[in-house]
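Everything on this sheet refers to the single structure shown next.
The values are calculated or read from the model by the stated rules, or taken from the named source; none is laboratory data. Nothing here was measured: the structure is a model prediction, and the numbers come from that model. Because the Cβ atoms are built from the backbone with ideal geometry, glycine has one as well, and the counts that use them run over all protein chains shown.
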Amino acid sequence: MRDIIEGPPEPGAPRPPLWKRLAWFIGLAVSASAVTAVVAYAMKALLPDYPHG
C-alpha cells in the first residue's frame, strides 16, 4: 500500500518546477486568508449590536 504521508525528499533529488511551488504557495495563502475572513465575520456576528452615538 502507498504511504499516505510522504517523507522528505532524498538528498540530491530534483526540486519540483517553479510553477508548482508557486501554485502551492498561492493556494495556501488564499485559503488561509479566506479562512481568516470567515472566522472574523463569524466572531463579529457573535458580538452584541450596540447603538452608535
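Key figures for this structure:
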| item | result |
| --- | --- |
| Scan of region 15-40 for residues that are surrounded by fewer than 10 Cβ atoms within 10 Å (Cβ to Cβ) and not in a loop (DSSP other than H, G, I, E, B), ordered by number | 18, 19 |
| Only listed residue being at positive phi, modelled with pLDDT under 90 and outside any helix (DSSP H, G or I), chosen from 53, 12 | 53 |
